[in-house]
Amino acid sequence: MTDSLRPHGHHRSPLPPAQRPADGVPSPRSSRTSATALAAKGTTPGAEPAKQRDAFFDNAKYLAIVLVAMGHAWEPLKGGSRVLETLYTVVYTFHMPAFIIISGYFSRSFDMRPDRLKRLVTGVAVPYVLFETAYSLFARFAWGAPDQAISLLDPWYLTWFLAALFVWRLTTPLWKLVRRPIPLAVCLALLASVSPEIGDDLDLQRVLQFLPFFVLGLFMKPEHFQLVRRREVRVLSVPVIAAALLAGYWAVPRMNTAWFFHRNSAQELGAPWWVGVVMTLALYGCSLVLTVCFFAWVPRRTLWFTALGAGTLYGYLLHGFVLKASAYWGWFDHGWLHKPLGELLVTVFAAALVTALCTRPVQRIFRFSMEPKMAWAFKQDPAEAARERAKAGV
């Protein structure tokens, strides 16, 4: 408001400083400004411009899911190779923390708005139910495991991440409300690491022990990712990764790899409770340092695999069927696969497999199970209906 528009003889208190709009909420603009901006983008005032995806995050998600698939493929082979077990240990230190931080970052705008709750159900809860059932039936009939029960309270194999993501995202408003959310999440994780009585329901050990990475992602800002992508960070990450590989090579025969999975308490791993606190904090530090190194080397520009970043959930959930079947049917038992050339071929195969499963044709085939519409299951939200009418110009 300019001074010439203010009534004479009245003094108004100054307006509060402008605040950055929340994610997904458009900032107020004058009609002239909006029309000018839309014209510059080549769109009409009645049309909503498409959201531009950041190539960095799509690249990071794709590369992280490739590392997940390679780690799963190395598991049957690593027992006979100290080098492969070293790579396995180092990759397991950061690949899920990196993926979870990104998941938290893109959950910042989550609240209890009906349309977001609906997306949580259709995009996380329903795939969890379907794939938990599918994996259990696959185990029962594909390799004869009659005792493999279908239990939605006991996630099997890869489905733990969906259960965890559902819990993490549902608690997002709480983390935005409390003071010191990251230290609080770390305290909860440390308590979980020394509490064997938590049990296996919803894989709560993993839910709680990986929670700090999700909460960290919630409170990260774009400028934080800009910091880790600076050239000096990229250069420093090279000796850091080399040191991590040397440390991993030394630790492999001396350390229980199960610590990196964050699915057991210290007592369940045969250690005193205080070792659980020390190990958990030490692993958090290592995970953060290596995650920074990973982000530093993620390409920023659009590449041939950038579009695959939108389909990482497909690659994550589907590649497990192939790898589990391969292990059961004895494909990993061939001696030549345990040689360096065989291990390299298995690594390339895992990367190619998960890449193929992230592609658009696979997404179209399996969209019914991972992104179902389910309009029949939900009431029409009046606010969402109003937004759709506004988009249509009605």
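Here is the figure for region 163-188: residues that are farther than 14 Å from residue 100 by Cα, under 16 Å from the mean Cα position of the chain (by Cα) and not hydrophobic (A, V, I, L, M, F, W, C) total 1.
Tell me which of these residue 358 doesn't satisfy, since it passes every other one: (1) more than 26 Å from the chain's Cα centre (by Cα); (2) buried (at least 22 other Cβ atoms within 10 Å of the Cβ); (3) of a type outside the set (Val, Ile, Thr). Against the list (1) more than 26 Å from the chain's Cα centre (by Cα); (2) buried (at least 22 other Cβ atoms within 10 Å of the Cβ); (3) of a type outside the set (Val, Ile, Thr), residue 358 comes up short only on (1).
Scanning region 77-115 for residues that are in a helix (DSSP H, G or I), surrounded by fewer than 19 Cβ atoms within 10 Å (Cβ to Cβ) and not β-branched (Val, Ile, Thr) returns 79, 80, 82, 114, 115. Annotation note: of 158, 202, the sole residue that is in contact with a Gly (Cβ under 8 Å, 6 or more places away or on another chain), crowded, with 18+ Cβ neighbours inside 10 Å, touching a residue at least 40 places away in the same chain (Cβ under 8 Å) and under 24 Å from residue 372 (Cβ atoms) is 158. Considering only residues that are in contact with a helix residue (DSSP H, G or I) (Cβ under 7 Å, 6 or more places away or on another chain) and among the charged types (D, E, K, R), which ones fall in region 325-343? Across region 325-343, the qualifying residue is only 343. Look at (1) among the basic types (Lys, Arg); (2) touching a residue at least 60 places away in the same chain (Cβ under 8 Å); (3) closer than 25 Å to residue 117 by Cα and you find that residue 367 fails only one, number (2). In this structure, residue 332 does not qualify as buried (at least 16 other Cβ atoms within 10 Å of the Cβ), of a type in the set (Phe, Trp, Tyr) and closer than 17 Å to residue 315 by Cβ.
Laboratory data are not the source of any read-out in this text; all were calculated from the coordinates shown. Just so it is clear, the structure is predicted and the values come from calculations on it, not from any experiment. Methodologically, a virtual Cβ is constructed for each residue, glycine included, from the backbone with ideal geometry; neighbour enumeration extends over all protein chains shown.
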